1. Do any helices (runs of 4 or more DSSP H) entirely within the range B:129-230 hold 3 or more residues that are away from chain A (no Cβ under 14 Å), over 29 Å from A:SER188 (Cβ atoms) and modelled with pLDDT of 90 or more, and if so, which?
2. Somewhere in the range A:110-119, is a residue of a type outside the set (Gly, Ala, Ser), closer than 30 Å to B:GLU190 by Cβ and free of Cβ contacts under 8 Å to residues at least 60 places away in the same chain?
3. Mind listing just one residue for me: the one in the range A:59-97 that is away from chain B (no Cβ under 14 Å) and part of a strand (DSSP E or B) and, of those, farthest from A:VAL161 (Cα to Cα)?
4. Just need a number here: residues in the range A:29-39 that are more than 12 Å from A:ILE109 (Cα to Cα) and in contact with a helix residue (DSSP H, G or I) (Cβ under 9 Å, 6 or more places away or on another chain).
5. Please determine whether any residue of the range B:41-59 is surrounded by 16 or more Cβ atoms within 10 Å (Cβ to Cβ), of a type in the set (A, V, I, L, M) and assigned to a helix (DSSP H, G or I).
6. Please determine, by comparing only the residues of the range A:161-208 that are among the polar types (S, T, N, Q) and not in a loop (DSSP other than H, G, I, E, B), which one is modelled with the lowest pLDDT.
7. Would you check if A:SER189 is in contact (Cβ under 8 Å) with a residue 40 or more places away in the chain and hydroxyl-bearing (Ser, Thr, Tyr)?
8. Could you list, in sequence order, all residues of the range B:171-187 that are touching a helix residue (DSSP H, G or I) at 6+ places or on another chain (Cβ under 8 Å) and either among the small types (Gly, Ala, Ser) or buried (at least 19 other Cβ atoms within 10 Å of the Cβ) (or both)?
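The values are calculated or read from the model by the stated rules, or taken from the named source; none is laboratory data. This structure is a prediction, so every number in the text was calculated from the model and none was measured. Every residue, glycine as well, gets a Cβ built from its backbone with ideal geometry; the counts of neighbours run over all protein chains shown.
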Amino acid sequence: MGLSPRPDNTVVSYDPASQEGWVATRLDFLVNWSRANSLWPMPFGTACCAIEFMATAASRFDLARFGMERMSFSPRQADVLICAGRVPLKLAPVIRRIWQQMVQPKWCISMGACASSGGMFDNYAVVQGIDSIIPVDVYVPGCPPRPEGLLYGIMMLQKKVKGERMADAAIRNEMEPDPSSKLYIPPSSIDQLGEPFGNAVHQTRSGL
Amino acid sequence: MSNAFPIVYSGSALTPETPAPTTPKQVPHHGGPENPSAAALRARFPDAVQRVVVMWGETTVYVSGGSLLDIVRWLHDDPGQSYEYLSDVTAVEYRDLDRPIEVVWHLRSLAWRRFLRLKVEIQKGTPLEVASVWPVYKGADWLERECYDMFGIRFDGHPDLRRLLLWEQYKEGYPLRKDFPLRGRFSRSEQLRQALAALPESRYSMEELSIVDAFDELPADMRRRLRDGERTGE
C-alpha cells in the first residue's frame, strides 16, 4: 500500500473495474452500527440486580462481546443508563440528575421488577417504576433477571438503535419536565399506575 | 494526642470465680438464669428498676425513663459491669394500642462477655421523649437519629437530632408507627413530586461537610492549600 501511487483526491471518478478499497453504505446504517456496538453503560446498581449485572459483565457472560465492557461511572461519557435495582424516593432526584447529565444520544434500560414497577416493594419508600422519573427504552423482567435476560434486553436495545434515523430529529429531543410538578407524565397517570393490584390490595395496614 | 479510648480485651475481667458464660442448652422460653447485672441494678437503683424479664436466656431490664441516663452511665463506668459497647437503640410499638411504646437499648460488655437489654416504656398519650445516651456512648448518635426518624421519639440531649434515612423535608410522619399506612399518607404523584423537588445536595448539613474540626490533624500540605482558600470535593 505504501508503494502504490497516491490517489488524486481532487477528482472523484467512478471506475467499475477498480472498486478495491471502497465501501458504499447509508450513513444511517454506519452511525447506528457503530453506536449499537459500543454502548457504554452507566451502571446505577442499587440492589441484587446489580449483582446479576456484575455477573453479566464478568467473563462467563462477557459484556465485552457487545462493546459494553467499558463501565462509564461518569454520566457524561455514558450512552445507556442501566438501572439495576429498586429506587427509593430519596434517590429519585439523584437518578433524574444523572439522566439529565448524560449527553445525547442516550438510552435507558430498566433492569428487574423493582426498577420497572416497584416490584414487591409497594410501600411508602420506593418509586413504583422509574419510568415515572425518566424515560425508559427497554424493560427487563425478572427478580433479579438472569444475565441471559439482561443480554436479551441489550440486544433488543441494539435492535432499536439500529432502527433509528438521523433525519428524525425528534428522537433526540430532551423531554422537559413540567415546571410545577417536575414530572414528565401527568400526576393522574402516576396515581393510576401506582394503584395496588392483585394481593397487594389486602396488604395495606392503614387505619389499623 | 492521648489515647482517649482504652483498648478492651474480650473477657479481660473474668476470673476463675466468675468464669465466662457458656452457651446454654435447652433454654426455656421464660425464666432461667439472669444476667448478674440485673441483680446489681436492682441493688444500686431500687426505685428505677421496674421489672426484669428473662426470655430465651436473654435478660431484659425495664427501667424508668427518668433515671435511664444514670443507669446507663453506671453500667458503662462501673468496673463490675463495664458495658463498653452499645450495639443498638430501637423501639417497639405493639398493635395493641393500649400497650406502651418501648424504647430498647442493647448493651454489650466485652470484658465480662455479657449482654443486657434495657427497656423504657412510654405510655400512650404522653410525649415520646426519653434521655439520650449520647453523653455516654458517642455511637448512639446515628442510632438515635434513626429511631427518631422511624418512630418520632425525641432523645433529650442528642446533639443533632435530625432524620437519618428519610430526607429532612419528609412530611408524611414516622413510618414504623402503627398508625402509618404502608403506602404513605400522600398519593404516589405527590410523593414523587416532593421527592423530586428536593436537592440532592441538601441532604447533608454544613457540619457534616465541614472539616473545620479536623483542621489541626490534616497533613501540612493540605492545611496550606485550604488556608489559601482552595475548595475541595466539588
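1. Fully inside the range B:129-230 and qualifying: B:140-151.
2. No, there is no match, as no residue in the range A:110-119 is of a type outside the set (Gly, Ala, Ser), closer than 30 Å to B:GLU190 by Cβ and free of Cβ contacts under 8 Å to residues at least 60 places away in the same chain.
3. By that ranking, first place goes to A:ALA84.
4. 7
5. yes
6. A:ASN199
7. So A:SER189 does not fit the description; no.
8. B:TYR174, B:PRO175, B:GLY184, B:SER187
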